[in-house]
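Structure first, then comments.
What follows is calculated from the coordinates using simple rules that are stated; it is not laboratory data. Predicted, not measured: the structure shown is a model, and the values here were computed from it. Cβ coordinates were reconstructed from backbone atoms using ideal geometry, including for glycine residues, and neighbour counts include every protein chain displayed.
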Amino acid sequence: MTNTTASSAPTSFGLLVLRVVVGIVFIAHGSQKIFEYTLPGTIGSFAGMGVPLPEIAGPLVAFVELLGGILLLLGLLTRPVGILLAIDMLVALVLVHLSAGIWVADGGWEFVAVLGAAALAVAFTGAGRFSLDRAVLRGRAPAWLG
């Protein structure tokens, strides 16, 4: 059975806009951690913020954001990627941003909360009609995947 609301053209266009914008932001942040800060720099930054196991967490977060952002943009493996990105933002919120208050200018949590909520929304709804999930899988995948 298909969900007619989630596959309607206006809903799918809305999901496309959300996926593309949020995907680009995650790609930018993952790229920054890998190419600008470099992985050793990201590890050092994570260690300085008190993130547990920074040698693992730093590269893991960098690649989840970069590759997850690309997959989100394409609408491929959207539901599991949305969940991973939402978890990424929840951990960032709790470990780094929550104590600074809401305002991003003060290092607060507003930005990571919006990104996490957007990723979670896409995980709940799926990619929509205009996605590689739809084009490649054509409804053959389990609902949790696409």
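Full extension of the chain between LEU39 and LEU53 gives 3.7 nm of extra length, using 0.36 nm per residue less the Cα-Cα distance. For the chain, treating each Cα as an identical point scatterer without solvent, what Debye log10 I(q)/I(0) comes out at q = 0.18, 0.19 1/Å? With no solvent term, the Cα-only Debye profile gives -0.98, -1.05. Taking the Cα-to-Cβ direction at GLN32 and at ILE102 and moving 7 Å from each Cα, how far apart do the two end points lie in nm? About 2.2 nm separates the two model spin labels. Angle of helix 110-125 to the longest C-alpha principal axis of the chain, folded into 0 to 90 degrees and rounded to 10: 30°.
Annotation note: chymotrypsin sites (Phe, Trp or Tyr not before Pro) in the range 100-131 located in DSSP loop regions with a Cβ neighbour count of at most 14 within 10 Å are TRP103.
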